[in-house]
Amino acid sequence: MSKATGFVTLTTDFGLSDGFVGIMKGVIYSINPSAKLIDISHDIASQDIQTASFILGSAFSFFPKGTVHMVVVDPGVGSDRSAVAVETDNYYFVAPDNGVLSGVMERISFIKVMELSNKKHFLPEVSNTFHGRDIFAPVSAYLSKGLSIDELGTKIENLMERVLPEPEINQDSITGEIIHIDKFGNLISNIDKKSFEKLVVNRDFTIEIAGDIINHLSRSYADSSTDKLLAIFDSFGKLEIAANQNRAADILRVHRGEPIRVVMRR
Amino acid sequence: MSKATGFVTLTTDFGLSDGFVGIMKGVIYSINPSAKLIDISHDIASQDIQTASFILGSAFSFFPKGTVHMVVVDPGVGSDRSAVAVETDNYYFVAPDNGVLSGVMERISFIKVMELSNKKHFLPEVSNTFHGRDIFAPVSAYLSKGLSIDELGTKIENLMERVLPEPEINQDSITGEIIHIDKFGNLISNIDKKSFEKLVVNRDFTIEIAGDIINHLSRSYADSSTDKLLAIFDSFGKLEIAANQNRAADILRVHRGEPIRVVMRR
Amino acid sequence: MSKATGFVTLTTDFGLSDGFVGIMKGVIYSINPSAKLIDISHDIASQDIQTASFILGSAFSFFPKGTVHMVVVDPGVGSDRSAVAVETDNYYFVAPDNGVLSGVMERISFIKVMELSNKKHFLPEVSNTFHGRDIFAPVSAYLSKGLSIDELGTKIENLMERVLPEPEINQDSITGEIIHIDKFGNLISNIDKKSFEKLVVNRDFTIEIAGDIINHLSRSYADSSTDKLLAIFDSFGKLEIAANQNRAADILRVHRGEPIRVVMRR
């Protein structure tokens, strides 16, 4: 396992208006004044575990080895859901056990999972509504200072899985769905480059979404005119529907969950 | 007084679009390259001194001792309102003298208040529209480097108070109001746990807001079904009206200032 | 040229929801763990090169000498547009060559412009949709560590210019336009103080915008009643139309591009 390096990332659905994120950073710096904090996103829709899982899954591997990734999208705060810390080859993760780590779990293996039961590393008073401040921030701070994950509680074997929806692949088609719409209105699907290339090889194909048909892949957004949809593999290896300097989501009027199909032509 | 540790927090109504916050950080780092900057909120509604005061009041005590808290919600910028620096046991505050520090003043005592009159610690040219950049940022930077507050100007005795609205407490009821609605649509009142417990002891009670009645306290958000309102003491000790994975503010269609009452039952 | 000091600013149209900005910071810290990152803005409207250029032009000079300013507003990502690094007396700039540096170019001279062609300083795999992560972030990180700009590629002589619109000045008037509307609804024009003072000297004048007339300059926002428009030179030396604790943009219902005239009275 990589040594902690002081880096801590934060991913929450807290927004930036109310001071919640600032307070968690204050708690972290109070415990580890040398911590280096990086926001991944605080604009996850309230209680949207799937999106948090997707974004963290795309992002975590771009950070320095030893980074502690803290995630607080936590509809069950104060109930009996568990809170956990996870050790992997290069990173630590601190989160509620509600499936929010499944985007990570798809990509790398977990060496050790600890249930956070040792109150010694919490704030002295733990509320029932803000475990981000009272539990996740201090535990992340101690990990970022080099505390062994073994000190945090009891080892457990399983995490709740809420795997992101998987595409259905058969001989002549892949049926997936839109799992994220980004700031530019680009539609990111759960169809990845490897599955696509394995299916297509040298055959012709069509990509179908919301009644629209695209029959080739673009190499860049600028490849197409601004009123036309294009299909491209995005920088995370997922099939994406986009439009040059335009919002594919608005052109198609679709939402997360919209089906998308790749079909072989005769 | 705690020694300055390089930490500076920022609370403004500047938003994050125009680069104003980045510019202030550039000014601070130019004076103190070792500063460590933490955003509390920049999404305070324009000129909303009450909310800035509430959020800073909730947040300031979670930061490392020696932190300089800088607040710039400043409708009177360029007029004859004063600008001040305040020393307390553990923190410094730098702000316009317009009531924005009253949420802090409710909680801790001020050791020394200085009017910022020594231009030596301002930027060389001071505009009439951006004291955040020209006065508050450089003064905060010098404080964070360890400059004595005495160097900043003239000692004064009083700050403008604009105390947040206080609840009315009598023998059988407390009448308060909603003072903040957070990102989750939770309604935070000005009724605190201590006043509540002192009134209720072992009696039955009802909580009334906007024609709705709640007659017990929940222990967590997950305690209730998603279409029902719940009452809970939040992580700052205030009575809060919420809904499990839902927005109480939308269910009740209320705004800041909405009355809320706790009434003893016969 | 100033020595790199580890400071890197980020200006993009990426928003803060999707984790893109966090990922770029992860890439920078992976290369230079001592970097100090400052956000200027990530809320530039998608593909709005003019606004990015305006905001960076206003902001860059307030940062410590040696700062690397990285800008990613990049509609041509993955096409054949160039990417460049620029050396100036006090700063470095890293950006696509699409005019986004013209606000800087108006103010200071460029010592050296390098086309980013040396892939050694990119991420090992370069996508066609996220050069912020794969090219601009790593190049900025290496510059912030002290790498010579000469190592980055080939020297070129010209950058694409897309100069912000300039006002028309004649004997009795200046005709400009609104080039930015800020978070407070203030209307910032392209008419600067120097041109204004040179024209007006001691003459009377009127400022005309959207059928409204203002005939004097205010010294501060608080100078006027809240329902009246006022004209003021802002903290960057530009003529601004504002309203005390009110949104001039909403009062006038105007957008960027709206003409504004200063006319001498007989």
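The values are calculated or read from the model by the stated rules, or taken from the named source; none is laboratory data. This structure is a prediction, so every number in the text was calculated from the model and none was measured. Glycine gets a Cβ as well: all are built from the backbone with ideal geometry, and neighbour counts include every protein chain shown.
With respect to (1) part of a loop (DSSP other than H, G, I, E, B); (2) under 27 Å from B:Glu157 (Cβ atoms), the lone exception for B:Val71 is condition (1). Any residue in the stretch B:111-130 that is of a type in the set (Ser, Thr, Tyr) and not assigned by TED's automatic domain parsing to the domain that holds B:Ser79? No: zero hits. Considered as a group, the residues in the stretch B:23-64 that are touching a helix residue (DSSP H, G or I) at 6+ places or on another chain (Cβ under 8 Å) and in a loop (DSSP other than H, G, I, E, B) include one that is surrounded by the fewest Cβ atoms within 10 Å (Cβ to Cβ), and that residue is B:Ala45.
Residues in the stretch C:203-213 that are touching a residue at least 24 places away in the same chain (Cβ under 8 Å) and either out of contact with any Lys or Arg (no Cβ under 9 Å at 6 or more places or on another chain) or within 13 Å of chain B (Cβ to nearest Cβ) (or both): C:Asp212 only. A:Phe236 meets the conditions (1) buried (at least 16 other Cβ atoms within 10 Å of the Cβ); (2) touching a strand residue (DSSP E or B) at 6+ places or on another chain (Cβ under 7 Å); (3) in contact (Cβ under 8 Å) with a residue 40 or more places away in the chain in every case but one. The failed one is (2). Evaluating A:Leu147 against the criteria (1) touching a strand residue (DSSP E or B) at 6+ places or on another chain (Cβ under 9 Å); (2) assigned by TED's automatic domain parsing to the domain that holds A:Thr67 leaves one unmet condition, (1). The single residue among B:Val77, B:Val86 that is over 21 Å from A:Asn32 (Cα atoms), in the same structural domain as B:Thr11 (by TED's automatic domain parsing) and part of a strand (DSSP E or B) turns out to be B:Val86. Of everything listed in (1) without any contact (Cβ under 8 Å) to a residue 24 or more places away in the chain; (2) within 12 Å of another protein chain (Cβ to nearest Cβ); (3) in contact with a strand residue (DSSP E or B) (Cβ under 6 Å, 6 or more places away or on another chain), the single unmet condition for A:Ala243 is (1). The set of residues in the stretch A:23-45 being facing chain B (nearest Cβ under 9 Å) and closer than 11 Å to A:Gly132 by Cα consists of A:Ile23, A:Met24, A:Lys25, A:Val27. When the residues of the stretch B:208-222 are filtered to those that are in a loop (DSSP other than H, G, I, E, B) and among the small types (Gly, Ala, Ser), the one that is surrounded by the fewest Cβ atoms within 10 Å (Cβ to Cβ) is B:Gly211. Here C:Gly103 fulfils each of the conditions (1) away from chain A (no Cβ under 14 Å); (2) out of contact with any strand residue (DSSP E or B) (no Cβ under 8 Å at 6 or more places or on another chain); (3) closer than 26 Å to A:Pro64 by Cβ; (4) touching a residue at least 24 places away in the same chain (Cβ under 8 Å) apart from (3). Only one of the numbered conditions (1) under 19 Å from B:Phe62 (Cα atoms); (2) more than 10 Å from chain B (Cβ to nearest Cβ); (3) of a type in the set (S, T, N, Q) is violated by A:Ser2, and that is (1). Looking across C:Ser148, C:Ser140, one residue alone is at pLDDT 95 or above and surrounded by 21 or more Cβ atoms within 10 Å (Cβ to Cβ). It is C:Ser140. Across the stretch B:1-22, the number of residues qualifying as assigned to a loop (DSSP other than H, G, I, E, B) and farther than 21 Å from C:Asp182 by Cα comes to 6. Among the residues of the stretch C:60-83, those identified as within 14 Å of chain A (Cβ to nearest Cβ) and either closer than 19 Å to C:Ser46 by Cα or of a type outside the set (D, E, K, R) (or both) are C:Val72, C:Val73, C:Asp74, C:Pro75, C:Gly76, C:Val77, C:Gly78, C:Ser79, C:Arg81, C:Ser82, C:Ala83. Of the residues making up the stretch A:160-178, just one is at pLDDT 95 or above, within 17 Å of the chain's Cα centre (by Cα) and of a type outside the set (A, V, I, L, M), namely A:Glu177. Tell me, yes or no, whether the stretch A:140-150 has at least one residue that is part of a strand (DSSP E or B), under 25 Å from the mean Cα position of the chain (by Cα) and away from chain B (no Cβ under 14 Å). No, every residue in the stretch A:140-150 fails to be part of a strand (DSSP E or B), under 25 Å from the mean Cα position of the chain (by Cα) and away from chain B (no Cβ under 14 Å). For the stretch C:214-240, taking the residues that are among the charged types (D, E, K, R) and within 11 Å of chain B (Cβ to nearest Cβ), the one that is farthest from the chain's Cα centre (by Cα) is identified as C:Asp223. Number of residues in the stretch A:226-266 that are more than 20 Å from A:Lys193 (Cβ to Cβ) and either assigned to a strand (DSSP E or B) or of a type in the set (Phe, Trp, Tyr) (or both) equals 2.
Residues checked against (1) within 26 Å of C:Ile55 (Cβ to Cβ); (2) surrounded by 14 or more Cβ atoms within 10 Å (Cβ to Cβ); (3) of a type in the set (Gly, Ala, Ser); (4) modelled with pLDDT of 95 or more:
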position: C:Gly153; (1), (2), (3), (4): no, yes, yes, yes
position: C:Asn158; (1), (2), (3), (4): yes, no, no, no
position: C:His180; (1), (2), (3), (4): yes, yes, no, yes
position: C:Ser224; (1), (2), (3), (4): no, yes, yes, no
